[in-house]
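Participant: Got a structure here, written out as structure tokens. Questions coming.
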Amino acid sequence: MAEERLILTSDEMRRALTRIAHEIVESNKGLEGLMLVGVRRRGVPLARRIADAIASFENASVPVGALDINLYRDDLTSRPQPLVRPTEMPVGIEGKAVVLVDDVLFTGRTVRSALDALMDLGRPRIVQLAVLVDRGHHEFPIRADFVGKNVPTSLDEIVEVRVTEIDGTEEVALVERVKAAPA
Amino acid sequence: MMAHATEQSTVAAQTETPPRRRHVLDLDDFSRNEITALLDSAEAMHELLSRSIKKAPSLRGKVVLTLFLEPSTRTRVSFEQAGKMLSADVINISGSGSSAEKGESLLNTALTLQAMHADLIVIRSPHSGAPYFLARNLQRMGVVNAGDGRHAHPTQALLDLMTMRHHVGGLEGKRVVIVGDVLHSRVARSDVFGLHALGASVVLCGPPTLIPLDLLHKGEGDSLPDVSVEHDLDRAIEDADAVIALRIQQERQGAGMLPSMREYTRRWQVTEARYRRAKPGALLMHPGPMNEGVEIASSLAHGPGSQIEEQVTNGVAVRMALLYQLLTGGQEEAAE
Amino acid sequence: MSRPILITGARVIDPVSGSDRTGDLFMRDGVIADAPDATPGDALVVDGKGLVAAPGFIDLHTHLREPGFEDKESIETGTAAAAAGGFTTVCAMPNTSPAIDTAAVVDFITHRAREAGPVRVLAFGAVSRGRKGVELTDMEELARAGVVGFTDDGSPVATGLLMEHALLYAGELGLPVMDHCEDHSITAGLGMHEGAVASRLGLAGYPSAAEESLVARDIALLGLTGGHFHVAHVSTAGGVEMVRNAKGRGLRVTAEVTPNHLTMTDEWVLGVNGSASGIARPLSLSAYETRAKVSPPLRSRSDRDALVEGLRDGTIDAVATDHAPHTFGDKATPFDEAAVGISTLETAFGSLMSLVRAGAIDLPTLVARLTLGPASVLGERFANLASLAVGTPADIVLFDPEERWVVDVSRFASKGKNTPLAGQTLQGRVRMTIAGGEVAFREAGQ
């Protein structure tokens, strides 16, 4: 069995997301043109949590989109094939202030792919990045604008963000990689 | 509702990853999971098709050849568009002007193309089994069957399944009628295998001269799984969830297989009256190209139940999903 | 002259006398002789322990391809293949280029055969000039040049009227008319039996009715004309039944069947050597097996069973190979475009032995259908070819009924490597073939 250490409990996760929600509204000076776009798969429920939080204190809803980045990956021939799922945008992204939401920022390659995927959908006014966990080891000049928690990690560890819709629980854990496989 | 179904099936498919596949020759070796995963992926591709920038970079640097040894615009263009939207380089070779017409054998043509480091060949051939022949002779190139003789047309069947899933929902326990020239129809054969995998039952309907003999006289073992044959369209269409009308070739009359197109139309055309015997809102499909006013009454073909144009769009989406599946993903190949 | 040969301690089967004994077999000066008290010093002595000695096999139906198609086979390679298969007499089919429709072509073949080696080559002449199905050939001239019968094989005798005339004219010469019974007006596609497998593969079928229709035509004509009608490569239960019935009515009908139709079915086109239980499974990459494409096509299991029974009870007189060699390229195509035919001479005996092991036919009967049966089709003057009596030609096959061997087409003497049996294990192997008192073939190690 893999070694596992809890980084965020369900409550801590909720608090982190609520804080991010406040920071997003503050940084954008309101909700005008604001749109949250979750990166599939776990970025999507996280974006919904943030939108719900915003709705609870601003009394207004922010549109939430779902972005599938698999067609834009730079490693399609070197890893097992990911399943492609639809990208769903409730409104156009043209001229919007888009906040990309993902669970973990690691190498930055997912974010790079997400930016490519986003650009093919239109031209947003500004794109920002919100992640629940920043674990370091960035390989691209990419940083997050909103971070739930910074977690120093080694390359032998995996950060697992769990959400009720997909995993049945709400928490973040640090897991020891069982067998070293190329990232 | 659709999005919900997609999300659910995606989760199911992820727990059981479909096997790596090099070729798509027919649907007879596709499991329910594999078809479901492919159709889910096709939904994503369908979304890409509706954007103003209809292009994603995932097949950049891949070379797809289409070798069409039989006239076809629809299928060839569909494959070409699918490849190009995913940024593959697509090279079209047609029967006329190619070495095929100068007497070079199919084998030598294919080996030459493989030596040019193409990744995938999409073949349409008048000869049943031609894609199998290529697949066993090509070590480095995948093969996709775009229709072989009267044998199979798996991508057409996949797009039919996608259209049906859209309009009918899950196909388990559903009743699908395929009417027309079943004997010569590669579409019918592949549809039957796909529908069988998804749990639908199929009724084949048409003149006795255009139904395979072995299905008329059961005994030696059936060439198609779980189909029934009913010559009377009024009876066959009763309570159908979907109706697929096949193209009827005018030549069949000349070959003595049909008394006349007039008689065919009278007995096997999907008319308004017959369509009303199907379930309310039953789906009406045709693989195209359609003879106006023969297989389907004109008023129906352009009416609300008809999804013939959507079939064309779904065709591109399904082929994108297929190309993506065949040309991306590494490492697991060695498992074969 | 050649050395005397003594085979010792073999099981010796003589279909003419009906004897089946263990003992010695001696031959000198090209004929069977009484064994002398002392073995001559120059004699080749072969230990026959555990082996069976019988008259050399006679093939009524061999495509030697020469003249005209030497890329597929030549008389030299074809007769070498015959020897390797235990055959000491083969009958060349006339669908060459030019066809065997003049005495000059017969002479050419006879000459080339004499150059090639000791296996006896007989020839069938064409029924029609150029095998075009219109005018009769000069049958009497061909008979004088040595042909043993007439056929337009590869194609049927084109019309009923031509068949009627051929039966009358050849009948007067005392020669058989062999017909490739295929009603072209019924066959939609070549090389695939009409049935569930054809339907599964989306291939146009060649129904049993196409054979039965022409067998019926020819038998009806024979009742009108007299003479001798020989059914080439019968493949259907219906065909066998019609021959049985006609023989019962006293008509001079004979029939042959190939080892392929006796041992394989249409399922072999699925490309899994017929082993998988059929069409319910997904097709494998080896489906559309062109090496199993043959005319008439491999039929259903019930047809195969009827053929075996017909061979056993004598309705079918002879096993004939229909050896049909082709080049690699002829078969390396989609199924529709592939040439029809199987290279059969070198696998015939091994595959037929499976019938003996299955108890469908006993060994002496099988040997008779490979020797006495075909000799009687050819007529009284060839009866001695199936005999081991003193003074008859020293045409002998020596085989091991138990030896297992793997069919390695790269070792075929035939240029035709086209057989679906490639890589299969057969049990029963020809160890030595003696033709005209000379060793024509000897399996390495023997």
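Participant: Rounded to the nearest 5, what is the percent of antiparallel bridges among the DSSP beta bridges in chain B?
Facilitator: So the antiparallel bridges amount to about 5 percent of the total.
Participant: Restricting to bridges with both residues inside the protein assembly as shown, how much of the DSSP beta-bridge set is antiparallel, in percent to the nearest 5?
Facilitator: 35
Participant: About its Cα centre, how strong a charge dipole does chain A have in debye, to the nearest 20, once Lys and Arg get +1 and Asp and Glu get -1 at the Cβ?
Facilitator: Roughly 280 debye, rounded to the nearest 20.
Participant: Counting heavy atoms of the protein chains only and a 1.4 Å probe, report the per residue accessible area for region B:154-307 as a whole number of Å².
Facilitator: Per-residue accessible area for region B:154-307 comes out at 38 Å².
Participant: Still on this structure: With every protein chain kept in the model, how would you rank C:Phe382, A:Phe57 by accessible area, 1.4 Å probe, largest at the top?
Facilitator: A:Phe57, C:Phe382
Participant: Looking at this model, which pairs from C:Lys72/C:Lys293; C:Lys72/C:Lys331; A:Lys96/A:Lys149; C:Lys331/C:Lys417 are more than 21 angstrom apart at the alpha-carbon?
Facilitator: Violating the 21 Å Cα-Cα cut-off are A:Lys96/A:Lys149.
Participant: Hey, what's the per residue convex hull volume over the C-alpha atoms of the protein assembly as shown, in cubic angstrom?
Facilitator: Once divided by residue count, the hull of the protein assembly as shown is 199 Å³.
Participant: Within 10 Å of each Cβ of B:41-48, how many other protein chain Cβ atoms are there on average?
Facilitator: 5
Participant: Which whole-angstrom value gives the distance between the alpha carbon centres of region A:78-116 and region C:319-395?
Facilitator: Taking the Cα centre of each part, region A:78-116 and region C:319-395 sit 71 Å apart.
Participant: Which residues of region C:195-222 end up with at least 50 Å² less accessible area in the presence of all protein chains than when their chain stands alone, using a 1.4 Å probe?
Facilitator: The answer is C:Ala196, C:Ser199, C:Arg200, C:Gly202.
Participant: Cα atoms only: what Rg and Dmax, in Å, come out for region B:154-307?
Facilitator: 14.3, 42
Participant: How much of the accessible area of the protein assembly as shown, in percent, comes from carbon and sulfur atoms when a 1.4 Å probe is used?
Facilitator: 50
Participant: Also, I was wondering about something else. Using unit Cβ charges (K, R positive; D, E negative) and no other charged atoms, how large, in debye to the nearest 20, is the dipole of region B:87-202 about its Cα centre?
Facilitator: With only Lys, Arg, Asp and Glu charged at Cβ, the dipole is about 240 debye.
Participant: A drop of at least 30 square angstrom in accessible area, chain alone versus all protein chains together, probe 1.4 Å. Which residues of region B:113-128 meet that?
Facilitator: B:His127, B:Ser128
Participant: Another one. For region B:107-244, what proportion of DSSP beta bridges, expressed in % and rounded to the nearest 5, is antiparallel?
Facilitator: So the antiparallel bridges amount to about 5 percent of the total.
Participant: Rolling a 1.4 angstrom probe over the protein heavy atoms, how many square angstrom per residue are accessible across region C:121-203?
Facilitator: Each residue of region C:121-203 exposes 34 Å² on average to a 1.4 Å probe.
Participant: What percent of all Cα-Cα pairs in chain A falls in each 5 Å bin, counting up from 0?
Facilitator: All Cα pairs, binned at 5 Å, distribute as 1, 8, 17, 21, 21, 17, 9, 4, 2, 0 percent.
Participant: To the nearest 20 debye, what is the magnitude of the charge dipole of the protein assembly as shown about its Cα centre, counting +1 on the Cβ of each Lys and Arg and -1 on the Cβ of each Asp and Glu?
Facilitator: With only Lys, Arg, Asp and Glu charged at Cβ, the dipole is about 1740 debye.
Participant: Got a sec? What order do C:Glu76, B:Glu238 fall in by accessible area at 1.4 Å, biggest, i.e. largest, first?
Facilitator: Ranked list, largest accessible area first: C:Glu76, B:Glu238.
Participant: Among C:Pro364, C:Pro393, C:Val407, pick out the residue whose Cα is farthest towards the positive end of the charge dipole of region C:358-412, where Lys and Arg carry +1 and Asp and Glu carry -1 on C-beta, about the Cα centre.
Facilitator: Comparing the listed Cα positions along the dipole, C:Pro393 ranks first.
Participant: Could you pull out every one of the aspartates and glutamates with an alpha carbon less than 19 Å from that of C:Lys49, ignoring same-chain neighbours closer than 8 positions?
Facilitator: Once the sequence-local aspartates and glutamates are set aside, what remains near C:Lys49 is C:Asp14, C:Asp20, C:Asp24, C:Asp400, C:Glu402, C:Glu403, C:Glu443.
Participant: Total Å² of accessible surface buried at the B-A contact, 1.4 Å probe, nearest 100?
Facilitator: Protein heavy atoms only, the B-A interface buries about 2200 Å².
Participant: Kindly sort C:Phe441, C:Phe399 by accessible area of their heavy atoms, largest first, with the probe set to 1.4 Å.
Facilitator: Output order, biggest surface exposure first: C:Phe441, C:Phe399.
Participant: Here's a follow-up. Over the Cα atoms of chain C, what radius of gyration and what Dmax do you get, in Å?
Facilitator: Expressed in Å, the Cα Rg and Dmax of chain C come to 20.8, 67.
Participant: Next up: Can you give the accessible area of B:Tyr275 in Å² (nearest 10), computed on protein heavy atoms with a 1.4 Å probe?
Facilitator: Near enough 40 Å² of accessible area.
Participant: Over all Cα pairs of region C:354-393, how is the pair count split among 10 Å bins, expressed in % and running from 0 up to the last occupied bin?
Facilitator: P(r) over region C:354-393, rounded to whole percents: 31, 41, 23, 5.
Participant: Could you compute how fast region A:97-183 diffuses translationally, taking Rh as the Kirkwood radius over C-alpha pairs and applying Stokes-Einstein at 10 °C with viscosity 1.306 mPa s? Give it in µm² per second.
Facilitator: Diffusion coefficient, whole number: 112 µm²/s.
Participant: Interface C/B, total buried accessible area with a 1.4 Å probe, nearest 100 Å²?
Facilitator: Rounded to the nearest hundred, the buried surface is 2000 Å².
Participant: Among C:Pro259, C:Val243, C:His233, whose Cα sits farthest toward the positive end of the charge dipole of region C:233-272 (+1 at Cβ of Lys/Arg, -1 at Cβ of Asp/Glu, about the Cα centre)?
Facilitator: C:Val243
Participant: Counting pairs on different chains as well as pairs 8 or more places apart, how many Lys pairs in chain B have Cα atoms under 24 Å apart?
Facilitator: Lysine pair count for chain B: 6.
Participant: Averaged per residue, what accessible area in Å² does region A:70-142 show with a 1.4 Å probe, protein chains only?
Facilitator: 40
Participant: Of C:Leu122, A:Phe146, C:Ala35, which is farthest on the positive side of the dipole of the protein assembly as shown, counting Cα position, with +1 on Lys and Arg Cβ, -1 on Asp and Glu Cβ, and the Cα centre as origin?
Facilitator: Positive-end residue among those listed: A:Phe146.
Participant: Same structure, new question: Roughly speaking, what is the centre-to-centre gap between region B:137-165 and region C:23-84 when only Cα atoms are used, to the nearest Å?
Facilitator: 54
Participant: With a 1.4 Å probe and every protein chain left in place, tell me how much accessible area C:Ser302 has, in Å² to the nearest 10.
Facilitator: Its accessible surface works out to 80 Å², give or take rounding.
Participant: Considering only C-alpha atoms, what is the centroid distance from region A:136-181 to region C:172-211, in Å?
Facilitator: One Cα centre to the other: 69 Å.
Participant: Here's something else I'd like to know. Over all directions, how big on average is the projection of the convex hull of the alpha-carbon atoms in region C:151-290, in square nanometres?
Facilitator: Projected area, direction-averaged: 8.7 nm².
Participant: With only alpha-carbon atoms in the gyration tensor, what are the semi-axes of the equivalent ellipsoid for chain B, in Å, largest first?
Facilitator: With the √(5λ) rule applied to chain B, the semi-axes are 32, 24, 19 Å.
Participant: Mean-square fluctuation check for chain A, GNM, Cα pairs under 10 Å: which of A:Ala144, A:Ala173, A:Ala47 is largest?
Facilitator: A:Ala173
Participant: Using only DSSP helix segments of four residues or longer, with each worth -39500 (n - 2.57), what per-residue ellipticity at 222 nm results for chain B after dividing by its residue count and rounding to 500?
Facilitator: Calculated from helices alone, the mean residue ellipticity at 222 nm is -12000 deg cm²/dmol.
Participant: If you don't mind, there's one more thing I want to ask. Relative contact order for region B:154-307: what percent, with Cα pairs under 8 Å and sequence separation of 6 or more?
Facilitator: 24
The values are calculated or read from the model by the stated rules, or taken from the named source; none is laboratory data. Bear in mind the structure is a predicted one, so any value in this text is a computation, not a measurement. Reconstructed Cβ throughout: ideal geometry from the backbone, glycine too, with neighbour counts over all protein chains shown. Note: areas computed on protein heavy atoms with side chains; ligands, DNA, RNA excluded. Shrake-Rupley method; radii C 1.70, N 1.55, O 1.52, S 1.80 Å.
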